[in-house]
1. Of G55, V72, I108, which is farthest towards the positive pole of the range 37-123's charge dipole, taken about the Cα centre with +1 and -1 on the beta-carbons of Lys, Arg and Asp, Glu respectively?
2. What relative contact order, as a whole-number percentage, does the range 37-123 give when Cα pairs under 8 Å and 6 or more residues apart are counted?
3. Once the Cβ-Cβ distance between E12 and V78 is put in as r, and R0 is 35 Å, what FRET efficiency do you end up with, to the nearest 0.05?
4. Have a look at W401, S381, Q203 and report the one farthest towards the positive end of the charge dipole of the range 128-409, computed about the Cα centre with Cβ charges (Lys/Arg +1, Asp/Glu -1).
5. Defining a contact as two alpha carbons under 8 Å apart and six or more residues distant in sequence, what relative contact order in percent does the range 175-284 show?
6. Expressed as a whole percentage, what fraction of the accessible surface of the range 180-331 belongs to carbon and sulfur atoms when a 1.4 Å probe is rolled over the protein heavy atoms?
7. Full extension from S396 to T4: what is 0.36 nm times the residue separation minus their Cα-Cα distance, to one decimal in nm?
8. Skip the ligands, DNA and RNA, and give the accessible area per residue of the chain with a 1.4 Å probe, whole Å².
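The values are calculated or read from the model by the stated rules, or taken from the named source; none is laboratory data. The shown structure was predicted, so the numbers you read here are calculated from the model rather than taken from an experiment. A quick note on method: Cβ atoms are made from the backbone with ideal geometry, for glycine too, and the neighbour counts reach across all protein chains shown. The area values use the complete protein model at the heavy-atom level, side chains included, leaving out ligands, DNA and RNA. Shrake-Rupley method; radii C 1.70, N 1.55, O 1.52, S 1.80 Å.
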Amino acid sequence: MNPTKSEYELFEALCEIPVIDSHEHLVPEQEYLSYAYSGLNMFAGYLFYDLGSAGLDPEFQATLRDPGYRSVDHWWPVIRKYWEHVEHSSYARALKIAVKELYGIDQINTDTIFELAELIIADNTPGLYDRILRERCGIRRVVTQIKTVSFPNDPILAGLTHYPVALHPEFHGLDYIGRISEAAGGGLETLDDYAEALRKLMQQSVQEGSRGLKMVAGDYQIPDKAKAERELRQYLASSDFTMESMALRSYLLEVCLDVVSEHDLAAVVHGGYWRDFRENDPKHLLGFARRRTDVRFDLLHLGMPMIRDALLIGKNLPNVSLNLAWCPIISFEQTVHAINEMIDLVPMNKIIAFGGDYYMCVQKIYGHLTMARQAIAQVLSRRVSRGDFTKDQALSIARMWLYDNPGRIYRVN
Ligand SMILES: [Zn+2]
């Protein structure tokens with residue numbers, strides 16, 4: 001990439017703005033270090049999917065995320081053949097930037113891969129998160145979503161509540177009812193029992209410090225208690241019941257949203273790209289987000305690839321903000337176009353510019369954040385040079401997107 005002089009100057013100025021990283025899947029650092037990653041993890045984040053798509057043997061692919069020491073001789077000869085086909089993707093670009101800027105390695109190839117693996121191993125020491133996130137990235141807080149919401153040993157992390165009822169069954173298993181029962185310690189029989197148990201679990205996670213509820217866009221129905229009760233009875237009567245109808249899930253999700261509303265938290269909605277992304281279409285917000293005007297929804301990933309739908313939903317609905325987490329590494333170019341159109345369409349206080357969306361390669365957050373800053377600099381500097389606003393105005397817009405808005409929406413500054 002050859003930025004223009006003004007674009008580069010703006011990029012440099014953006015690097016001085018503190019960042020709230022609105023979306024990761026990071027586990028506590030102590031747990032991360034216990035996995036003793038040894039280099040292969042750098043190819044196992046989202047690159048995992050590009051390598052599989054390029055033809056990497058699924059059985060080998062399935063081992064990419066295994067923890068523990070893995071010898072470079074064992075994995076590089078297999079990965080190398082497919083790396084050549086994916087190294088120009090946006091997923092790979094985050095890796096290449098991280099490796100170059102953090103470890104001084106210009107090219108990933110057979111000559112450098114052993115050195116890279118050694119550097120990753122050497123970096124696996126306490127303070128890794130602080131060195132990468134705070135010192136190198138300028139990140140002040142990270143909103144992370146794993147199965148816990150409190151991080152007593154990692155003050156940089158803040159958690160989201162994560163209940164299967166709000167997530168897509170394909171991500172977290174069909175049996176969300178069984179999981180509510182398990183989490184509540186059993187003894188649940190009626191729909192009211194389940195709703196009350198879920199409410200208590202939500203309240204408990206708020207007390208532990210949850211900053212919001214993670215959910216997935218879906219065709220949720222207007223809550224209908226009679227239908228939901230019928231579905232629950234079917235489920236309890238037969239272990240084969242597959243929970244495909246949305247009545248029960250819609251009813252219980254409403255209970256979660258009530259708690260989110262009472263505590264003025266964010267409902268964080270995965271929209272768009274992942275597996276069968278027809279089901280997660282951001283247009284579903286036109287149903288549930290218009291009905292629940294008491295809840296603040298943060299729509300993730302600009303609903304990629306349904307970006308224009310997401311932009312117009314963010315434009316129209318006062319209770320929906322737009323979050324560019326993951327976007328620059330899905331497609332840098334789509335993100336640049338989207339940011340430009342977003343300025344035409346969406347109020348500036350409703351945009352969150354960054355979430356890295358990683359869990360097993362913290363270094364790549366640096367590469368991803370660099371790409372997010374590059375995309376913002378590219379769009380804003382063009383707007384400055386054509387006279388839409390001044391450089392100072394551009395910087396105050398960027399500060400809102402990177403720091404003020406995520407801090408306010410997630411209550412973390
Ligand atoms: Zn995510």
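1. My answer, from the dipole projection, is G55.
2. Details: 72 pairs, mean separation 34.1, N = 87.
Computed over the range 37-123, the figure is 39 percent.
3. Details: r = 39 Å, r/R0 = 1.13.
After rounding, the FRET efficiency stands at 0.35.
4. It is S381.
5. Details: 116 pairs, mean separation 36.6, N = 110.
About 33 percent, as a whole number.
6. Working: 3080 of 6460 Å².
Accessible surface attributable to carbon and sulfur in the range 180-331 totals 48 percent.
7. On the way: separation 392, 0.36 × 392 = 141.12 nm, distance 2.07 nm.
Extending this stretch completely gives an extra 139.0 nm.
8. Numbers: 17410 Å² over 413 residues.
Accessible area per residue: 42 Å².
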